[in-house]
Structures are given as C-alpha cells and as structure tokens.
Protein chains: 2
Amino acid sequence: MAVYKISDDISLYRYGKPYDTEAVVVRELEKAGDEPLKYLQEIEGKGVNLTYTMDRDDIIFGLGENMGGINKRGREYISFCTDDYEHTEGKRSLYGAHTFFIVDGRDTFGVFIDYPGKFKIDAGFTHRDILEIEIPTGDVDIYIIEGEDKNQIVKNFRELVGRSYIPPKWGFGYQQCRWSYLNAGEVEQVVDAMRERGIPCDTVYLDIDYMVDFKDFTVDEKKFPKFPQFVERMRERGIRLIPIIDAGVKIEAGYDVYDEGEEKGYFCTTNEGDTFVGAVWPGRCAFPDFLNPDTRRWWGNLYTRLTDVGIEGFWNDMNEPALFYTPDHLEEVIEEVKSSQGENLDIYSFFKFKDRVVELSNREEDYKKFWHRDKDGRRINHHEVHNLYGYNMTRAASEGFARNRSEERTLLFSRASSIGAHRYGGIWTGDNKSWWSHILLNIQQMPGLSMCGFLYSGGDTGGFGDHADAELVTRWTQFSIFTPLLRNHAGGTRPQEPYSFDDDSAEYMKGAIELRYAMIPYLYSEFMKAVREDRGYMMPLAFEYDDSRSRGVEDQLLCGESLMLTPVYTQNARGRYIYLPEDMLCWRGRDPRNREIHRLKKGEHYLNIAIDEVPFFIRRDRMMVMGKPLNYVEEEVIRELNVVVNLESKAVYDFYDDDGKTTNEADYSLMRFTVRRKGEEVTAKVEQVAGETQVVVVNFEIYAGEDQVVKRKVYL
Amino acid sequence: MAVYKISDDISLYRYGKPYDTEAVVVRELEKAGDEPLKYLQEIEGKGVNLTYTMDRDDIIFGLGENMGGINKRGREYISFCTDDYEHTEGKRSLYGAHTFFIVDGRDTFGVFIDYPGKFKIDAGFTHRDILEIEIPTGDVDIYIIEGEDKNQIVKNFRELVGRSYIPPKWGFGYQQCRWSYLNAGEVEQVVDAMRERGIPCDTVYLDIDYMVDFKDFTVDEKKFPKFPQFVERMRERGIRLIPIIDAGVKIEAGYDVYDEGEEKGYFCTTNEGDTFVGAVWPGRCAFPDFLNPDTRRWWGNLYTRLTDVGIEGFWNDMNEPALFYTPDHLEEVIEEVKSSQGENLDIYSFFKFKDRVVELSNREEDYKKFWHRDKDGRRINHHEVHNLYGYNMTRAASEGFARNRSEERTLLFSRASSIGAHRYGGIWTGDNKSWWSHILLNIQQMPGLSMCGFLYSGGDTGGFGDHADAELVTRWTQFSIFTPLLRNHAGGTRPQEPYSFDDDSAEYMKGAIELRYAMIPYLYSEFMKAVREDRGYMMPLAFEYDDSRSRGVEDQLLCGESLMLTPVYTQNARGRYIYLPEDMLCWRGRDPRNREIHRLKKGEHYLNIAIDEVPFFIRRDRMMVMGKPLNYVEEEVIRELNVVVNLESKAVYDFYDDDGKTTNEADYSLMRFTVRRKGEEVTAKVEQVAGETQVVVVNFEIYAGEDQVVKRKVYL
C-alpha cells in the first residue's frame, strides 16, 4: 500500500495497481510517508478488506443512488451498476455505483472507494456495529477525506472528482415522458392537453418507439413524418423533444451505425476478438466500447444526427449495460428446458428450471464474456470495469456536444453511472414504481446523489412501473417540484400525465407545477451555486443542524441554503409530522398566488396538509426568491422578483443567474440581497456583485417578528 | 334481486342463485319486500356492478388480509386467494379473500360480499371518489350491515358469520419457525439455544422437510428417528412441535394417502373426470376436493396420524391452492421455448418467451381445469369457487379434531382463507419479507383481520423472505408480542432466531418476549372476549376515537379494550411520533421488570424509543393486567396478577380466563376489577363474576392523578 497526500484533508491509500477510472480529476500525486490507513482497519481476506467499528449512534451518509434511508446504516450494498426494475427493500444494487460516503459520529470522515468492479460495503448489516468494505482484488484506491464538518468533507470530495454537469435552464421546466408516445400525433396530444389546461411544460420525451426497429440515431418516418419540421413546430410551442439513446447497437447489415462500428472496431469483443453479441430491445446487438477514446469520439459525433435537426437534449439508457440475454447462453437454457420435457419437476428441479429462464438477463457470467480496449490500449475484461460503462457512454455524448455544439448547453442524463459521470451529465433514478414507498425512496436518495455530485437528478415522478392513482401522482409531483430534474414518467401502465385523472387532481398538479416555475429563480440559483462551489443541492438536516433529533430525520430535506422540505408520502394522509430544528417560516399554498405564510416554532409539529397544498419552510435569516409561473421556462425573462425573508437579525442571499443556455461561464449575474433589522427598523438592499441582470424590481416581504410583516420594493 | 331481512341491521340482497359458501351461519332467511339496494347503486355491466360515491373524507375499513393502509381507500382489490411471495405495494390479491368492509363517513355501513369466485373492489383507485364492486356473474349475495357505530357493525357482521376459532392458550406463547429445521438435531439446537438464554418459547415448527418426499402425514424417520419419543421429549421441555400440512398430495402408487384418495374419488377431477394433476413441492400432485364432505371427513381423520403421536397443532399451507404448474401447460411452454431456438428474440418475443415461464405458476387457466363435487352433489368448476379451497381444508382439519380430540383444543392456522374459515382456524399473513415496510403492512393488516373474524393471526415476525438484520427483527418482535400469533419465521435466508445476531440484540428480543409472556393474562382475556362477544382484538383508533385526527392514524392500533400500541417500524429510528386522542399512561420497558410508567397528555408527541424499549399506552379509566414471564405458557399457573390502572374516575375491567386447553366452554373464570376514586379516596375491588380462579392476589398500581400512584393489594 502506498500513501499519497492529495491535500491537508485528503489522503489516498493505494493498494496494488488500481485501474485508472478517471473518477478523480487530481492527476498529480505526491507520495507521502508510510502513514498507516486512517480510521479503517485492514483485516485478512481475499483482496482488500477494511473495517470500522461504529458507535451506536454513528450515521452513514452518502452512497448516492441506493436503497435505504438517508442514514445508510444497517444495510449491505453491492457496487455494481444493475438494471433492476423492482426496487424492493432487499436490493443491494441499483443503476448507479456511487461509492462515496461519510461516517458521522465519534469520528467524522469521508471515504471514496475508487474501484470500477464489483465490491461490497456492509454498513452494519451483518453486525450492527461493523462497517466492512470487501474489495475482491488487491487493486484499489481508497481516499480518506476529512474536513472541519460534513459539508467541508463533501466539498473536498467534490473538488477531488471535479465539477458537476450543468443543464440548460429549461431543464428545470416540467418534463413529460411515457414509454411511449408512439407517434407525432400522440406527442401533440400531450402538448395540447398541457397547454389547454395551462399546465406548464418544457419537454416531451421520445422513448424507444420513435426509432426504426430500436436502432439508435434513427427516427421512424412513419411515426414521425418530417421530423425536423415537427421538432421545430414543437419548439415554437415552447416544447423540446428529448429522445432516448440506448447502449446496444442493433446488429443489422446495412444499418450504418452498426456497419461503421463493426468496420472500425468500435465494439466490445469476445475473448476471441469477435464482436460481442448480447440482446436488448432490437434483439441481438453490439456494444460500443466506450472505454476506447476512438469509440467515444465516433459515438459522440452520432448525436449530431439529431442535434442537426434541432434536438437539444437526450437521455442515455440501458447502459449498465442491460443484457436481456446472450445468444449462446440462451441456447444453453433452451437445451436445458428441452431436457426437462416429460419430467416430473419437483421443488428442486422446477425452481431450477424456472430460475434459469428468470435469470437469463444481466448475468455476471455474460459480463465476463466481453472485453474493452481502453485509453492505454490495454485489453480489459468488462466485468472488471463494469461500473465505467454508463459513465463513459455519457462522457462520449458530452464530449461530442463539447465538440459539436460547444456554445450551447445540452440536456443529458443517464441511467447507469459511477463517480466521474457526474461531470458529464445528470441521472434519473431509473425504473421505480408507482408505490408510496418510492416517494420516500426518492426523497431519501436525493441527498446521497447531491453528495456524490449528481446534482441534476430526480425520480420518475408518479412512478414508472405499476399503476398509479391520482393522489400518488399529486403527492409525488408536490415533492418533485423541488428536484432539479422534474419528470413524470410511466411505462406499460395506466396514463399518468397530470390531466389523466380527474379535473380536481389536474388542478392540484397544475398548481404545484406553477409553483415550480415560480421557484425556478431560487432553485436554479441554488443549483448553480452547488455546482460552482461543490456543495449539495438537497441535503440531510444533519448537515446544518447537528443536534441528535435532527440527525435522525429521514423524511425532511434541506433544499439549497434557505429551504426545508417536508413532503407528504403516505396514502390518504391529511397531514404529517414535522420537526423544526429552529423557528422557521412556513410557506404553504395551492399555487404561487394562493398561499399563506406563518411562523412556526422550533420543535415537533403535526401539520395539516390538504391534497392541494404544498408547504415548505424558510430557515432563520434566509430568504426565498421567486419569479412567476410561465408556460415554459423561456417564455419570458423574469424582471420582477418576489423575495420572502425570515428575518431574525440579518439575512444575506446571493442570487445567481445566467442566460441558462450558453456554456459561457463568464457571463452571469450575481446579486446580493441584504435584509437587516436594527431595532425597529428593517432595511433591504440589493447589490450587483457580478455581471448584469435583467431584473428591474425586487419585492421583499419580510417576516421580522411574531406578527411583523414589512414590505420593501427595490428598483434596479 | 331478492331482499331478505336478516335482522334490524342486516339486509341481504340476493342476485341470481349464489353458490352457498357457508360463510354465513344464519341459515333461515325471511323474505322482505322489494326494498331497493341501500347505499349502493346498481350500474350497467356484465354481472353485478355496484357503486358508491364517497365523500372526500370517507374511509374504508376492513378487507382483512390485503395490501394498503388501515384505510383501504385509493386502491384496487381482487378477491382471489393468491400464492404470491412478493407483497409489493401494487399487489391486488394476497392469500385471503376477505370481503367485508365498512364505509365510514357521510354514511357509515358495512358490506359483505359473499361470493366464492374472483371479483374486484375498486376503492377509489380508478376515480378517487368512486367505490365500485364488479362481480363477473349475476349470482351473488350482498349483505348491507348497519349499526349504531362501527363496532356494532362489526359485531353484527360477525354474528352473521359465526364465532371465531379459539386456539389453546399455549398458542399465545412465542413460536419459532424456519424453512426448515431439517432434522431432530436442528430442532433441539433451537430449543437448547432458547432455553439456555432464557428466551421463552412454546413451539418449534416443522416445515416441509420433515416429511418423506413432501408427502402429507408422513414423517421422515431418517431425519426424525423415533418421532413419538422426540415429540414427547420436546413436550417435557415445554415445547410443542407444529408440523406443516400441504394441500397437494403426491401422486405415488403405494403412498397410502394418495392410493386411498384415488380409490375413493376424494380428489378434484378434470373435465373428463380423471384426477386433476398439478405440481407443487413433490412434483405432480392430486388435490383433495375439500368441498366434498366425504373428502373432508377422510382428510380430517388423517391428522390423527400425527395427533396420535402427541402433535397438538398444525399449519395448513399451499391451500390457495398453489400450483407450480400443470404438466400439460408445462409441455406447451416447453414446446414454445423449443420453437424459439436459434431465433433472434427482441423486446416482443423475448419477454413473451420469459413471461411464459415466469407465469407458469398459479394460472387462472389452470384453476379452470379442475372440478369439485360439493355437499349438494353438484359438480362445480374450481375457478368459480376458488376462494373456498383453503377455507374448506382448514374446516376439514377442524372437523376432524372435533371428532377425534373433541375435548382438547388444537392449534390450527392456514395460509389461504375466506370468510367462514375464521370459525375453524387462524391465519398467518403468508410469505412476507424482511422489509421495514412489511412491519407497517403487518400493523395495518391486523385491524382488517380482526373485523373479518380472523382473530388468531399474525405475520411472519422478522420477515419470511430476504435477509434480515438484527434491528429489523428486534423492532418487528416488539410489535408482534401483541399479536395473538407470535411466530418468527424465515426461509432461505440468513438465520433469524432471536439469538442469531449479536448478544445485545438477543437480550432486547428476550426482554420483549418476556414482556409478551407477562402480558398473556391481558392478551388472552381480550382475545377470548373478542371471540365470545364478536368484537375486534386489534382495531383502528377510529373505532373508539372518532375525531378527524384519530381517524387518519395509520400506524397506531388499539389492542383490546385497554391498550394503544405505537410500534417503531423504521430503520435506525430512535423514536417516533405518537398521537394521543386522550390523556394516557405510557408504560415503557426493556422487559416486564425494568419499566417505567408516566402520564402523557392528549395530543401530538415525539417519543424517544430506544432499540431495547417497548412502549404501550393505557387508555383513560382502563387497566392492564399482567402476570409474569415464564419459559413456556404452561410452566406455571399464574396466581398473582399485577394490574396497572389509568384512573380518571372509575375503571372497570372484566378479566376472563380459562384452562386454555379444553374445549369445555362452560368452565371459565370471569373476575371484575373495579377501581374508583371518590374525592381523595381510591378503592380497588375484585369480584368473581363467574367460575373459579386460581389467582390468589391482585396487586393494583393505580395512577390516579398527575403524580399520584396508589397501590392496593387484594387477596382472594
């Protein structure tokens, strides 16, 4: 083991010769002395095994997209990007391999395990007090990250792995998806319905059926005739179309993407050097070798086929990669099934028979069947670097956009990911279900994603699988209006668009979505500050309030520096319990116009929250900046801001804004709002700290005491 | 439609010629006039379709063992006994078909749908305000049940369907199960471990592996040599062995149960009259025709093979009936699989291929392939009377016990059931998972089961499938100590006995189980009163406290007439929120000896609840009667009772007890405890209302005011 000092707060403990995942952006390493591993203890075992004995009240934060609570303790996690559409409680892997966490308690420190293959983190599952990390090989980089507090540890980690992806501002609009809107007519119906009801909307998604036979970078002209004109027509209505791109490339002679990939050797290969074949949507496919920079360059350029006709955003899917089956294994299974013919299958033989078929997909053995050639020209088995696949597909796309539309931002998010991918795109949390427990899961996943740098993220609002009812979609929407990615998505189920239920429910969701649009000035400002300052966007209460009560809260979140969220996530609820770690302002309303604000005392509360109501809380000496609802983000420039202030003595808010479109980072506006009380006098001040703003007036609504509401209007 | 008046409160609306399920015990019907259907509206459709428009705040209670909250609104339910081991939120059917519910709000009334086949209850899923009942045929009995309040409606319903099953008192002991303790040695290890640690235990279960090749009513002598002596040896240690009995009978010439069934025509038959063949554990099986009274008599007598060697309890399983496959359908699937050989399976063909195999089990088409001959000699297709199968298997066993060991009670519970089965045995809630959400599901299922008459019931504590951690099993045990059936059960997972984790966790669970044993005087008294008076045992708060806040509580239960329960059901929790609809006494402790009692005010509270702590609440002017922990229920006769009283002005408690063993109902003891305050004076009185008691002293601990604790000792 070699020790490197990355900074005062970060040490790298290098075992063997780890694979270079490029997760970390600090490339120069300074060898330190022979310091022993800090906090963790090495124990005997195959590979590298590390343990830590936790105090009873130690908490584990982080781990990105994973099952479990905000506190990840008491569970086992397998770092292995997995296409699993049943996110039941026992699952140990989802789509993301996010291996940064913080142990918080007796000692408080961060751990980042930079390892591209499968490994296990037992966070007090086998024994409640033992954290154990089991790396199967002897080659791994372990970063121990310290800092004066948890926020600083996150910041240190994020500086290590590089700045998060920035979407266009319209990516903060409401987005509507379904597997699938089958043709242009169905897409237009969605847009018509949203616009007619006045439900704001910025995008409609094209799921796999827009393609010709599920072939990437094709558009089925029968379903979408005159596609460029259709894209344009939608844009005129303020709607961007977001097509899906899958990892697998259909094997079909004459399909130019396949032909070129085959000819140039861009695909993953078998042990023998042939193109590896696995099946996904189109049947047999080849899999681009995203670890190969040439493949990435080629792949990234393919997106121009769609950006050239006006497409400005994509979602990359199936990039764990999902494998329905490999033809040779399918053949084996069919042979076995045949051998069962006429047999009297009992408990043993029947379940073996059934499991062989059930387990056809996403088999580790299949992941061991193919190989990459990486940036160093090295041939490496896929299984060893499995978690880098989705990451490098996203990177290929992102690098392509940087080359081919470098001035403009492109919406991009992925299903599979690992640390590093956060620099290139966002993620969504994959194929969840229309389950109440998955609203809570979504809530509990967000802070881990923030810590790991996946700031542009969100869940399939309303749930992807299983049938939803109106109340579930309403409550979920009321939470998701705070997540950067706000997308309603379902597949194979009852329609789930906001207007698909009853009129009342449509109105409730419309009100929530209008509120979202009104909040974009704040949400975007906080998002961008989180990106630029390597901070979290949605965080556990414990990161600001370190009392034992706050540390245990599993269903409230901080959202940016000013807000605390208390979503409703149970069926038939008329309210919920809320813990306030300090006196806060409670903002509650059916929409941005119909709202009331009242002060609530520090402590425990039961808050009635009607089905049409969204509450949020403004922290002490913090402010909430709002614009107004629009039909779509770019419909109007916001020239008037409404700022609600919870004033104790002095509140300062740095309001970030930019054009939301270009990649020119120099061109932004930073305004500082300062509100203070001296005796009876309340003052509000607006300063332009950097750049220029298009805002002409800021209306302050200042809650300065038990009953005192002061209004101040500042013209610019 | 014909209308019958059953009583002032109950009307029967009979459509067509319903099948006689024998769910209802009132056999004489008095024809009423032409009153129209009350509350429900008939609408057009195939079969009988009824709707009811709910007010926004109407609640639906009941529906027994089903997914969803205590309030069943917002979901869809399919009444069709289903072997499903994945109780995810979207599931519409579990093992029980429990079709009694109460609509509570603008109108408050009960509905019992007496229909043995598949039908749907849409409780505000499709449209949030519409309750819809869809019976596919024109033959159904709809009972509308009124009453002065919800408790009276439950009582009226339960009088209609007959008195609930009574287990032996030792059935209230702690029970330990696993799939499977494979031999006598493994069973003894469990008993040794429990006794050595002093964790009380009354039974150990024998899951399917105790049999020879899964053949019912056999015992594998290789695994359990000298079985009668083994049973006896266990009994001497206070342990009863509880074997499983499955519905399917292995087809094997020379296996006498099969041979006799075949010879006498006791099995279900195909359309052509041959014995129907379906596969379960042993492979191909025949299925006893439990609707045939001759079959039931034969089957009921088979249990004597085990009762004759000292067995006193059974669990009937796989009696939906579960069907892994039917040989002819399996053949079809294999043929189809073969036809896929060499094909390039894509999204459509691959999932079709996979689904054919995944969906081999429990197919409706297979349920349509076999026939019963019922008590009226009528031949009826299984699918039409599917929900009666588990019910009549339990009935067969119960009727056998009534013939063959009529003096003694026999422990009996089932997986599948429908209304009527509650007279013959209890149920457990089937193959749940080691998921936190399934503790809550267990909590939320209990009141529905109480209403439907399944009083002797409980969930697999710790969760059956998936791996559990110590905290989950601890918290689940802390809830289950209040359920009549208290059984820890797991299969195919990490060991889950209380001592299988760390020593601390074993101590926590020991403390909770000791508390259970100390509470048995109260729990048994309340259980027996619920049976005898057709009341609930675990009920929603709304049945006693009808304020709008109490009506919405989904995670607290009333347990008997005195207690309110507030279990912890979330991971890493250090406490939980609690709503008190009135001032109550909070009893909290690690075990029955180490406890404290304090008064808590009406309203909202956050209660710290450490991992080793069980709290419960004693209602105003109610009392809690406790004995003491024992190693097993029959270890000692309880001669000293400790009664904790929450006294406002006058508290009266009727304490029921009996020998817990015999079926002689005349022989019981009823004592009345009266505690009252007049001015400063507090008095406690004990009266023997019926029978005789073995209790010699009652210690009253009376909490009579803010701080006033009065002790009174009454010798008998």
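Okay, here's what the table says:
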quantity: Count of residues meeting criterion [in a helix (DSSP H, G or I) and open to solvent by 10 Å² or more (accessible area, probe 1.4 Å)] in segment A:355-387; calculated: 7
quantity: Contacts under 9 angstrom Cβ, first residue in segment B:533-549 being farther than 11 Å from residue B:154 by Cα, partner among the aromatic types (Phe, Trp, Tyr) and assigned to a helix (DSSP H, G or I), 6 or more apart; calculated: B:537/B:527
quantity: Any hit, segment A:106-119, residues being within 14 Å of chain B (Cβ to nearest Cβ), of a type outside the set (Asp, Glu) and at negative phi; calculated: no
quantity: Options B:343, B:336, B:331, B:320; residue that is part of a loop (DSSP other than H, G, I, E, B), within 13 Å of chain A (Cβ to nearest Cβ) and of a type in the set (D, E, K, R); calculated: B:343
quantity: Conditions (1) more than 9 Å from every other protein chain (Cβ to nearest Cβ); (2) in contact (Cβ under 8 Å) with a residue 24 or more places away in the chain: number failed by residue A:357; calculated: (1)
quantity: Leading residue by the ranking (nearest to residue B:431 (Cα to Cα)) among those in segment B:90-105 that are within 14 Å of chain A (Cβ to nearest Cβ) and open to solvent by 10 Å² or more (accessible area, probe 1.4 Å); calculated: B:91
quantity: Any chance residue A:580 is within 14 Å of chain B (Cβ to nearest Cβ), in contact with a Phe, Trp or Tyr (Cβ under 9 Å, 6 or more places away or on another chain) and surrounded by fewer than 18 Cβ atoms within 10 Å (Cβ to Cβ); calculated: no
quantity: Sole exception among (1) modelled with pLDDT under 95; (2) assigned to a strand (DSSP E or B) for residue A:412, by number; calculated: (1)
quantity: In segment A:323-369, the residues that are closer than 19 Å to residue A:249 by Cα and hydroxyl-bearing (Ser, Thr, Tyr); calculated: A:325, A:326, A:361, A:367
quantity: Meets criteria (within 14 Å of chain B (Cβ to nearest Cβ), more than 16 Å from the chain's Cα centre (by Cα), closer than 18 Å to residue A:539 by Cβ and modelled with pLDDT of 95 or more) for residue A:84; calculated: no
quantity: Residue pairs meeting the criteria (Cβ under 7 Å; at least 6 apart or on separate chains; first facing another protein chain (nearest Cβ under 10 Å) and in contact (Cβ under 8 Å) with a residue 60 or more places away in the chain, in segment B:596-615; second open to solvent by less than 30 Å² (accessible area, probe 1.4 Å) and outside any loop (DSSP other than H, G, I, E, B)); calculated: B:611/B:471; B:611/B:474; B:611/B:508
quantity: Number of the exception - residue A:674 against (1) in a strand (DSSP E or B); (2) more than 19 Å from residue A:645 (Cβ to Cβ); calculated: (2)
quantity: Flag for residue A:173 being among the small types (Gly, Ala, Ser) and open to solvent by 10 Å² or more (accessible area, probe 1.4 Å); calculated: no
quantity: Segment B:53-62, residues that are more than 10 Å from chain A (Cβ to nearest Cβ), assigned to a strand (DSSP E or B) and over 21 Å from the mean Cα position of the chain (by Cα); calculated: B:53
quantity: Breaking point among (1) more than 30 Å from residue A:557 (Cα to Cα); (2) buried (at least 16 other Cβ atoms within 10 Å of the Cβ), for residue A:58; calculated: (1)
quantity: Residue list for segment B:415-470, filter: of a type outside the set (S, T, N, Q), crowded, with 24+ Cβ neighbours inside 10 Å and in a strand (DSSP E or B); calculated: B:426, B:427, B:428, B:433, B:458, B:460
quantity: Close pairs (6 angstrom Cβ cut-off, 6 or more residues apart or separate chains): without any contact (Cβ under 8 Å) to a residue 40 or more places away in the chain in segment B:569-593, in a loop (DSSP other than H, G, I, E, B) and open to solvent by less than 20 Å² (accessible area, probe 1.4 Å) anywhere; calculated: B:575/B:609; B:576/B:568; B:578/B:566; B:579/B:553
quantity: Among (1) open to solvent by less than 10 Å² (accessible area, probe 1.4 Å); (2) in contact (Cβ under 8 Å) with a residue 40 or more places away in the chain; (3) within 17 Å of the chain's Cα centre (by Cα), the one test that residue B:480 misses; calculated: (2)
quantity: Any pair with Cβ under 8 angstrom, 6 or more apart, that starts in segment B:376-405 at a residue that is of a type in the set (D, E, K, R) and ends at one that is assigned to a loop (DSSP other than H, G, I, E, B) and open to solvent by less than 20 Å² (accessible area, probe 1.4 Å); calculated: B:384/B:116; B:384/B:117; B:395/B:290; B:395/B:420
quantity: Residue satisfying condition, being away from chain A (no Cβ under 14 Å) and not hydroxyl-bearing (Ser, Thr, Tyr), within set B:479, B:501; calculated: B:479
quantity: Residue within segment B:274-291 that is touching a residue at least 24 places away in the same chain (Cβ under 8 Å) and more than 28 Å from residue B:430 (Cβ to Cβ) present; calculated: no
quantity: Yes/no for residue B:93 being of a type in the set (Ser, Thr, Tyr), closer than 20 Å to residue B:440 by Cβ, at pLDDT 95 or above and under 17 Å from the mean Cα position of the chain (by Cα); calculated: yes
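Here's the yes/no breakdown for (1) open to solvent by less than 10 Å² (accessible area, probe 1.4 Å); (2) within 14 Å of chain A (Cβ to nearest Cβ); (3) in a strand (DSSP E or B); (4) within 30 Å of residue A:342 (Cβ to Cβ):
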{"position": "B:284", "(1), (2), (3), (4)": "no, yes, yes, yes"}
{"position": "B:296", "(1), (2), (3), (4)": "no, no, no, no"}
{"position": "B:301", "(1), (2), (3), (4)": "no, no, no, no"}
{"position": "B:314", "(1), (2), (3), (4)": "yes, no, yes, no"}
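Matching residues to (1) buried (at least 21 other Cβ atoms within 10 Å of the Cβ); (2) part of a loop (DSSP other than H, G, I, E, B):
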position: B:46; (1), (2): no, yes
position: B:51; (1), (2): no, no
position: B:64; (1), (2): yes, yes
position: B:72; (1), (2): yes, yes
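The values are calculated or read from the model by the stated rules, or taken from the named source; none is laboratory data. Treat the numbers as computed from the prediction; the structure is a model and nothing was measured. Reconstructed Cβ throughout: ideal geometry from the backbone, glycine too, with neighbour counts over all protein chains shown. Heavy atoms of the whole protein, side chains included, go into the accessibility calculation; ligands, DNA and RNA do not. Shrake-Rupley method; radii C 1.70, N 1.55, O 1.52, S 1.80 Å.
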